[in-house]
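Below is one structure, written out as structure tokens; the observations come after it.
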Ligand SMILES: [Zn+2]
């Protein structure tokens, strides 16, 4: 089982592919596939046939999952994609931190 250091709502930057360099936010993590869905990333347009719900048909834009290895956490302090490390605190709780600047990224 792959451990994911990224979480929902995390700011990310896309590092590979068509949306390379795009800054976004994680909408959903598809754990069993190792993918994430990020706001406005890997958007595909689908032509919809007219249906009862959508009588005129038309074009629907949908975000498709991308591989989790194609995104990096966007550290607000570094202003770039970074790797995260995990610190275990004295009370046993875990906190994620930026490996570049050391900034704790979990605010709660
Ligand atoms: Zn940083």
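The values are calculated or read from the model by the stated rules, or taken from the named source; none is laboratory data. None of the values given here were measured: they were computed from a predicted structure. FYI the Cβ positions are ideal-geometry reconstructions off the backbone, even for glycines, and counts take in every protein chain you see.
The table for this structure:
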{"read-out": "Filter pass, residue 107 being modelled with pLDDT under 95, surrounded by 13 or more Cβ atoms within 10 Å (Cβ to Cβ) and in a loop (DSSP other than H, G, I, E, B)", "value": "no"}
{"read-out": "Residue check, residue 92 free of Cβ contacts under 8 Å to residues at least 24 places away in the same chain, within 16 Å of the ligand (Cβ to nearest atom), more than 14 Å from residue 14 (Cα to Cα) and outside any helix (DSSP H, G or I)", "value": "no"}
{"read-out": "Verdict on residue 43 being within 20 Å of residue 16 (Cα to Cα), more than 12 Å from the chain's Cα centre (by Cα) and surrounded by 12 or more Cβ atoms within 10 Å (Cβ to Cβ)", "value": "yes"}
{"read-out": "Top-ranked residue in segment 65-89 [being more than 15 Å from the ligand (Cβ to nearest atom) and in a strand (DSSP E or B); ranked as farthest from residue 28 (Cα to Cα)]", "value": "88"}
{"read-out": "Some residue of segment 53-64 being without any contact (Cβ under 8 Å) to a residue 12 or more places away in the chain and in a strand (DSSP E or B)", "value": "yes"}
{"read-out": "Some residue of segment 58-66 being out of contact with any helix residue (DSSP H, G or I) (no Cβ under 6 Å at 6 or more places or on another chain), at pLDDT 95 or above and closer than 16 Å to residue 21 by Cα", "value": "yes"}
{"read-out": "Verdict on residue 25 being farther than 16 Å from residue 97 by Cα, part of a strand (DSSP E or B) and either in contact with a strand residue (DSSP E or B) (Cβ under 8 Å, 6 or more places away or on another chain) or more than 16 Å from the ligand (Cβ to nearest atom) (or both)", "value": "yes"}
